[in-house]
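Step one of this worksheet: look at the structure below.
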Amino acid sequence: MKAMIKKISAMILLIMALMAFSVPVFAAETDTSGAAAAQLVENAASSTGSKALAAAICVGLAAAAGAIGMGWAIAKSSEGISRQPEAEGKIRTSLMLGLVFIETAIIYALIVAILIIFVL
């Protein structure tokens, strides 16, 4: 079981690293100096699509990683409560605080995605 979790974690980290390295490529603007007006319009449309793709990757990775983290946290807290029912209140409080921090990281990724779309 632990070997399978390690393999899945390694695959997820590899995918996240590959996608993280591809975001700047998708968000980069092309050099349009000296281009015709039609070329400028085409490049602007292409740039908008690249920004949308970069934003989607950003939010998708954050949501996927957050969902995995939340699932592990909930599983471990349920396991802890089943082992020590008298500590249920403290475990539940720690769980809720951890879930809030994970969700905050996902919201930060959403803000970054919005910045990618409207600022870059």
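The values are calculated or read from the model by the stated rules, or taken from the named source; none is laboratory data. Not measured: the values here are computed from a predicted model. Positions of Cβ are generated from backbone atoms using ideal geometry, with glycine treated the same way; all protein chains shown enter the neighbour counts.
Residues of the stretch 95-110 that are surrounded by fewer than 16 Cβ atoms within 10 Å (Cβ to Cβ) and either polar (S, T, N, Q) or farther than 28 Å from Ala52 by Cα (or both): Met96, Leu97, Thr104.
The condition of being modelled with pLDDT of 90 or more and either within 22 Å of Leu14 (Cα to Cα) or part of a helix (DSSP H, G or I) (or both) holds for Leu99. Can you confirm whether the stretch 26-34 contains a residue that is modelled with pLDDT under 85, assigned to a helix (DSSP H, G or I) and of a type outside the set (A, V, I, L, M, F, W, C)? No: zero hits. Might you let me know whether the stretch 59-75 holds any residue that is surrounded by 12 or more Cβ atoms within 10 Å (Cβ to Cβ) and either at pLDDT below 85 or not in a helix (DSSP H, G or I) (or both)? No, the stretch 59-75 contains no residue that is surrounded by 12 or more Cβ atoms within 10 Å (Cβ to Cβ) and either at pLDDT below 85 or not in a helix (DSSP H, G or I) (or both).
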